[in-house]
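Here is the structure we will look at.
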Amino acid sequence: MAKIAIVGVGAIGGVLAGILETSQAHALTLCTRRALYALTVDTPEGAVSVQFRNATDPAQTEPVDWILCATKTYDAVSAAKWFPALTGPETRLAVIQNGVEHRENFSGLFPPERILPVVIDVPAERRSETQILQRADAFLRVESSPPGSDFASLFAHTRAKLDLTDDFLSAAWAKLCINSAGVISALTLKPAGILRDEALGEVALGLIAECVAVGRAEGAHLDDGTGERILAGYRAGSPDSINSLLADRLSNRRTEIEARNGVIIRRGEKHGIPTPLNRMAVALFNGMAT
Ligand SMILES: NC(=O)c1ccc[n+]([C@@H]2O[C@H](COP(=O)([O-])OP(=O)(O)OC[C@H]3O[C@@H](n4cnc5c(N)ncnc54)[C@H](OP(=O)(O)O)[C@@H]3O)[C@@H](O)[C@H]2O)c1
């Protein structure tokens, strides 16, 4: 049995809590800013009611084996306020966020050698503070290493699919390629079905092509069919699916535009690669938010 604390019990933190609950193998502490009395995850296999200890203050916690941090990328500093009380000499931090800056975001906030970046693929939405909708099985990718294997073992006997990879950099950029096209939903305020539109499909391919070019310059292996494959995936998926950028925009919350499309521009500049479509998407997005 592992002691696990989840910091960031939104859509992804909630999904992870629901998955871990099904193993019946761990002691879960959910660290939240407001008291949480119940948590239900509606999964494709039915509702999972999570059994947990809730902490609303770091003083209510003790060191754990794993901290799973699933806050938004921009909340790293505030999430880190939980770490001192949760951290013992062996505690590891799994950063389960979008983007390609998992380690950078927590630089100086946790011992770097004990940080494990995680890529997660799962369509999930927070319906309320106590109810999460998980639309499909979760796929998690981590580096092939002793911490990666240890993390994977937490999910033994659950429906989550864990992939250990020797090339995490490519996995993170491949996910960013998917997310780069998600900005179209957030700009049009329409769920994923909007990418079935021919003209917007072309825009999606352009956004992804820029991400592929920058990712390759960063050392990621991304094949020439990446864009077409991603667009086909969007078109085959649930047309009602709402990505977290759109969900945040609809709720007037701060968004991860910097971690999803902004980073493509920034890393592109570093390598002298033009990224006009991502640049325009970010400018439009920020312009609409003001
Ligand atoms: N949703 C998806 O389908 C999906 C899929 C793959 C990856 N992702 C990525 O996963 C990450 C999490 O996304 P999400 O959709 O789960 O976000 P979310 O629903 O907004 O959840 C984030 C949670 O973090 C909490 N939080 C922020 N600062 C905190 C702090 N200092 N202490 C405790 N809790 C704190 C928020 O609490 P409050 O309620 O108090 O604000 C919120 O519950 C993002 O990087 C996202 O891009 C999301």
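Below are the figures for this structure:
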{"read-out": "Taking the convex hull of Cα positions in the chain, its mean projected area over all directions (nm²)", "value": "14.3 nm²"}
{"read-out": "Length-normalised contact order of segment 1-146 in % [C-alpha pairs under 8 Å, at least 6 apart]", "value": "26 percent"}
{"read-out": "Förster radius 41 Å - calculated FRET efficiency between residue 56 and residue 286, Cβ distance, rounded to 0.05", "value": "0.80"}
{"read-out": "Backbone HN-Hα couplings from phi across segment 203-209 [Karplus 6.51/-1.76/1.60, Hz, Gly and Pro as x]", "value": "4, 4, 4, x, 4, 5, 4"}
{"read-out": "Segment 169-289 - Rg (one decimal) and Dmax (whole number), Cα, Å", "value": "13.3, 37"}
{"read-out": "Neighbour-limited loop hits for trypsin sites (Lys or Arg not before Pro), segment 186-290 (at most 16 other Cβ within 10 Å; DSSP other than H, G, I, E, B)", "value": "253, 254"}
{"read-out": "Surrounding net charge for residue 255, when Lys and Arg each add one and Asp and Glu each subtract one, Cβ distance under 11 Å", "value": "+2"}
{"read-out": "In segment 1-78, the chymotrypsin sites (Phe, Trp or Tyr not before Pro) that fall in loop regions by DSSP, at most 15 other Cβ within 10 Å", "value": "37"}
{"read-out": "Estimated FRET transfer efficiency when R0 is 41 angstrom, pair residue 189-residue 159 (beta carbons, to 0.05)", "value": "0.80"}
{"read-out": "Aspartates and glutamates with Cα under 18 Å of residue 72, excluding same-chain neighbours fewer than 8 positions away", "value": "101, 104, 121, 125, 129, 248, 256, 258"}
{"read-out": "Selection from 108, 91, 188, by position along the positive dipole direction of the chain (Cβ)", "value": "188"}
{"read-out": "Cleavage-rule hits (GluC sites (Glu not before Pro)) in segment 75-127: DSSP loop, at most 15 neighbouring Cβ within 10 angstrom", "value": "none"}
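No value in this document is a laboratory result; all are computed from the given coordinates. Keep in mind that this is a model prediction, so the values were computed, not measured. Backbone-built Cβ (ideal geometry, glycine too); neighbour counts: all protein chains shown.
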